[in-house]
Amino acid sequence: MEFEKAPFGIDRILELLPHRPPFLLIDRVLELSENYVLAEKLVSVSEPALGGHFPGRPIFPGVLIVEAMAQAAGIWLASTSPERRTQLSMLAGIDGARFRRQVVPGDVLRLEARALAARSKLVKIEAKASVAGESVAEAVLLAAFVPK
């Protein structure tokens, strides 16, 4: 299978993912291959979640880091076959999630997702997040496919 050329930005991301601002958490895709994606989220002080998490000390929430990793995986999943573009990939499980460092405004969150195992309706994915080469979070994600 021929994969589209990366890098690409928001226009193509909006075609591949159903998410929309303010819940779209991917700004660009840097690499895309048969079983791997590398994407970025630019963390801005104007992120809606940072207004209350926490006042005076904004920290990008861990749950949104996991969601960003899942969205990066979703881009890879939508790119693996034309049939998968007619389905929604839904987060079905999170195993072994670990958080190593805080993410703050100004950080560039790099998101990696790699296929571990696949069945017709389920895919197991290794996901990692980092900032400036330093590990932020990792988890094993399970994605399930449902009709749109």
In the stretch 81-91, is there at least one residue being surrounded by 17 or more Cβ atoms within 10 Å (Cβ to Cβ), out of contact with any Gly (no Cβ under 9 Å at 6 or more places or on another chain), closer than 24 Å to K148 by Cα and hydroxyl-bearing (S, T, Y)? no
Tally of residues being β-branched (V, I, T) and either in a helix (DSSP H, G or I) or surrounded by 19 or more Cβ atoms within 10 Å (Cβ to Cβ) (or both) across the stretch 44-69: 3
Matching residues, the stretch 122-144, being touching a Ser or Thr at 6+ places or on another chain (Cβ under 6 Å) and farther than 14 Å from L64 by Cα: A143
Kindly indicate which of A72, A117, A113, A78 is surrounded by 13 or more Cβ atoms within 10 Å (Cβ to Cβ) and part of a strand (DSSP E or B). A113
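Every number here is computed from the coordinates shown, using simple stated rules; none is lab data. It should be emphasised that the depicted structure is a prediction, and the values quoted were computed from it without experimental measurement. Please note: Cβ atoms are built from the backbone with ideal geometry, for glycine as well, and neighbour counts cover all protein chains shown.
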